[in-house]
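Here is the structure we will look at, set down as structure tokens.
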Amino acid sequence: MALTESTMPGLGTSAPAFQLPDVVSGQTISLETYADSNALLVVFISRHCPYVQHVKEELARLGKDYAGKPLGIVAICSNDAANYPEDAPERLKQLALELDWCFPVCYDESQDIARAYRAACTPDFFLYDGSRQLVYRGQLDDSRPGNGVPVTGRDLRAAIDAVLAGSPAAAKQRPSIGCNIKWKPGNEPRY
């Protein structure tokens, strides 16, 4: 496990288009899926990453707490499933069902979407406003495996609440930290 920080792409960056299969429903999920949402949260995850394991129940709470609000949520796994079989679509489906995640979990087999979003770690959070401009990229909160700080989602929730209220997210944003995305050999980006 290589401890990796989010790349923190520039605020105001447009959300890259994507079309990916939801591992639970089999439906194709895209930016257009969320056309009626005032905000969109894109989360890069991994089933086996201890940092995602640490926050997986908070991700479930986020989905439930914002259900019925104009926030779209999609989780994407871009890890190389050939070398990391825990991140294969069928294992991701098991995770989503076990946790009762109420948002799509997509598999990015080509890793093109992770590259387009400049995703670097799991978890990696990208929040877009209604115009699909990046307003928050950073950590869920200050909790990390083993540091004793409770998982609350404080930083991300504050950003979501601001965007849904039509206000800007806080200017000071701390990078997310987690396992590096497991790139296919020769597929590593140069951010």
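Considering only the range 96-108, I want to know if a residue exists there that is under 20 Å from ASP161 (Cβ atoms), hydrophobic (A, V, I, L, M, F, W, C) and either modelled with pLDDT under 95 or within 12 Å of the chain's Cα centre (by Cα) (or both). So far as the range 96-108 goes, yes, one or more of its residues are under 20 Å from ASP161 (Cβ atoms), hydrophobic (A, V, I, L, M, F, W, C) and either modelled with pLDDT under 95 or within 12 Å of the chain's Cα centre (by Cα) (or both). For beta carbons closer than 7 Å, sequence separation of 6+ or different chains, a first residue in the range 55-76 that is in contact (Cβ under 8 Å) with a residue 60 or more places away in the chain and a second that is in a helix (DSSP H, G or I), the qualifying pairs are GLU57/LEU99; TYR66/ILE160; LYS69/LEU164; PRO70/LEU164; LEU71/ILE160; LEU71/LEU164.
Of the residues examined, PRO123 is not one that is in contact (Cβ under 8 Å) with a residue 60 or more places away in the chain and over 19 Å from GLY72 (Cβ atoms). Within the range 103-134, the residues that satisfy the criterion of being among the small types (Gly, Ala, Ser) and either crowded, with 20+ Cβ neighbours inside 10 Å or assigned to a loop (DSSP other than H, G, I, E, B) (or both) are SER110, ALA114, ALA119, ALA120, GLY130, SER131.
Quick one: in the range 15-51, which of the residues that are of a type in the set (Gly, Ala, Ser) and touching a strand residue (DSSP E or B) at 6+ places or on another chain (Cβ under 6 Å) is nearest to TYR128 (Cα to Cα)? Among those that are of a type in the set (Gly, Ala, Ser) and touching a strand residue (DSSP E or B) at 6+ places or on another chain (Cβ under 6 Å), it is ALA39. Scanning the range 46-74 for residues that are within 13 Å of ASP108 (Cβ to Cβ) and in contact with a Gly (Cβ under 9 Å, 6 or more places away or on another chain) returns a single hit, SER46.
Here ALA17 does not qualify as surrounded by fewer than 20 Cβ atoms within 10 Å (Cβ to Cβ), small (Gly, Ala, Ser) and outside any loop (DSSP other than H, G, I, E, B).
So which residues in the range 65-102 are in a helix (DSSP H, G or I) and among the charged types (D, E, K, R), if there are any at all? Selection gives ASP65, GLU86, ASP87, GLU90, ARG91, LYS93, GLU98. Checking each residue in the range 166-191 for being touching an Asp or Glu at 6+ places or on another chain (Cβ under 6 Å) and either within 25 Å of LEU40 (Cα to Cα) or crowded, with 17+ Cβ neighbours inside 10 Å (or both) picks out PRO175, SER176, ILE177, LYS182. Just the residues that are in a strand (DSSP E or B) and free of Cβ contacts under 8 Å to residues at least 40 places away in the same chain, please, taken from the range 25-54. If the condition is that a residue be in a strand (DSSP E or B) and free of Cβ contacts under 8 Å to residues at least 40 places away in the same chain, then THR28, SER30 are the ones that fit.
Can you find a residue in the range 142-154 that is at positive phi and not small (Gly, Ala, Ser)? Within the range 142-154, none of the residues are at positive phi and not small (Gly, Ala, Ser).
ILE29 passes every criterion in (1) under 12 Å from ILE177 (Cα atoms); (2) crowded, with 19+ Cβ neighbours inside 10 Å apart from (1).
The values are calculated or read from the model by the stated rules, or taken from the named source; none is laboratory data. On a predicted model such as this, the values are computed, not experimentally measured, just so you know. Please note: Cβ atoms are built from the backbone with ideal geometry, for glycine as well, and neighbour counts cover all protein chains shown.
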